[in-house]
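What follows is a set of notes on a single structure, which appears directly below.
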Amino acid sequence: DTEVTQTPKHLVMGMTNKKSLKCEQHMGHRAMYWYKQKAKKPPELMFVYSYEKLSINESVPSRFSPECPNSSLLNLHLHALQPEDSALYLCASSQDRYNEQFFGPGTRLTVL
Amino acid sequence: QKEVEQNSGPLSVPEGAIASLNCTYSDRGSQSFFWYRQYSGKSPELIMFIYSNGDKEDGRFTAQLNKASQYVSLLIRDSQPSDSATYLCAVILMVPTGNQFYFGTGTSLTVIP
């Protein structure tokens, strides 16, 4: 299995909702990442987990809360988001932080 | 200076021509370099990686690395309309918090039939 999967594909939420994005990989990778991507911009790193420990948090607002329950799973919990948080949220994984990253298909998030 | 820089384009080439995409990076200690292709509305897809100076070929794609000039490029031979996409250069840089993956801003390529 050489895929990174993400659910849901699309998510529409209000500013008072709580939702979660999920990411899974079965490649035995030990580094997993969350990125945010706006239209016509490169992916912007949010969080890095290395060996299930949070190793990078790029000053992301606390309304985004990552979780790594095990080496295959990565969640992003969302609460009280703003309309400007609407974007494509990408999960990626790599063997470790020294190797190429493989991306999931992304979750298109719209905040109303 | 940004860590990884690319010409944003857009770059237009006729079908069958060679498309040349360029990327410069700031850290002389960088060892790993990647090219991703991203179609509109889709996620980035890894198409090439290169670690050593020189050329690396894979089908119609050639990655070229010059560490002395801190320059990495991607050549696409016999360009096809299906190559129309944004191409992202990525570099693993050594930073105080550990190795970090940096993307360039991407170059938009259009191949004209």
Query raised in the report: How many residues does segment B:28-39 hold that are modelled with pLDDT of 95 or more and either surrounded by fewer than 16 Cβ atoms within 10 Å (Cβ to Cβ) or more than 12 Å from the chain's Cα centre (by Cα) (or both)?
Result: 1
Requested in this report: State yes or no: is A:Pro42 in a loop (DSSP other than H, G, I, E, B) and surrounded by 15 or more Cβ atoms within 10 Å (Cβ to Cβ)?
Outcome: yes
Query raised in the report: In segment B:42-71, which residues are open to solvent by less than 70 Å² (accessible area, probe 1.4 Å), away from chain A (no Cβ under 14 Å) and assigned to a strand (DSSP E or B)?
Result: B:Gly54, B:Phe61, B:Thr62, B:Gln64, B:Leu65, B:Asn66
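Suppose the filter is of a type outside the set (A, V, I, L, M) and farther than 27 Å from A:Glu58 by Cα; does B:Gly29 pass it?
Values: of a type outside the set (A, V, I, L, M): yes; farther than 27 Å from A:Glu58 by Cα: no.
When the stated conditions are applied, B:Gly29 does not pass them.
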Query raised in the report: Which pairs do you get when a residue that is without any contact (Cβ under 8 Å) to a residue 60 or more places away in the chain, found in segment B:6-26, comes within reach of a residue that is open to solvent by 50 Å² or more (accessible area, probe 1.4 Å), reach meaning Cβ atoms under 6 angstrom, with the pair 6+ apart or on two chains?
Result: B:Thr24/B:Glu5; B:Thr24/B:Tyr71
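For residues in segment B:97-113 being within 11 Å of chain A (Cβ to nearest Cβ) and not polar (S, T, N, Q), which is surrounded by the fewest Cβ atoms within 10 Å (Cβ to Cβ)?
We begin by selecting, within segment B:97-113, every residue within 11 Å of chain A (Cβ to nearest Cβ); these are B:97-108.
Checking the rest, the ones that are also not polar (S, T, N, Q) come to B:98, B:101-104, B:106.
Working: B:Gly98: 12, B:Phe101: 25, B:Tyr102: 19, B:Phe103: 23, B:Gly104: 26, B:Gly106: 24.
Ranking the qualifying residues of segment B:97-113, first place goes to B:Gly98.
So, A:Tyr51, is that one surrounded by 19 or more Cβ atoms within 10 Å (Cβ to Cβ) and either in contact with a helix residue (DSSP H, G or I) (Cβ under 9 Å, 6 or more places away or on another chain) or among the hydroxyl-bearing types (Ser, Thr, Tyr) (or both) or not? Even if it seems obvious, please write down each step before you answer.
Values: surrounded by 19 or more Cβ atoms within 10 Å (Cβ to Cβ): no; either in contact with a helix residue (DSSP H, G or I) (Cβ under 9 Å, 6 or more places away or on another chain) or among the hydroxyl-bearing types (Ser, Thr, Tyr) (or both): yes.
Answer is no for this residue.
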Report task. May I ask you to list the residues in segment A:73-95 that are surrounded by fewer than 20 Cβ atoms within 10 Å (Cβ to Cβ) and within 9 Å of another protein chain (Cβ to nearest Cβ)? Result -> A:Leu88
Requested in this report: Could you tell me which residue of segment B:74-91 is nearest to the other protein chains (Cβ to nearest Cβ), considering only residues that are open to solvent by 10 Å² or more (accessible area, probe 1.4 Å) and charged (D, E, K, R)?
Outcome: B:Arg77
Report task. With the condition kept exactly as written, say whether any residue in segment A:56-68 is in a loop (DSSP other than H, G, I, E, B), more than 8 Å from chain B (Cβ to nearest Cβ), touching a Ser or Thr at 6+ places or on another chain (Cβ under 8 Å) and modelled with pLDDT under 95. Result -> no
Query raised in the report: Do you know which residues across segment A:96-112 are open to solvent by 30 Å² or more (accessible area, probe 1.4 Å) and either acidic (Asp, Glu) or facing chain B (nearest Cβ under 7 Å) (or both)?
Result: A:Asp96, A:Arg97, A:Tyr98, A:Glu100, A:Phe102, A:Pro105
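The values are calculated or read from the model by the stated rules, or taken from the named source; none is laboratory data. Predicted model, so just to flag it, every value in this text is computed and none were measured. No Cβ is skipped: glycine too gets one built from the backbone with ideal geometry, and neighbour counts run over all protein chains shown. SASA here: full protein model, heavy atoms, side chains in, ligands and nucleic acids out. Shrake-Rupley method; radii C 1.70, N 1.55, O 1.52, S 1.80 Å.
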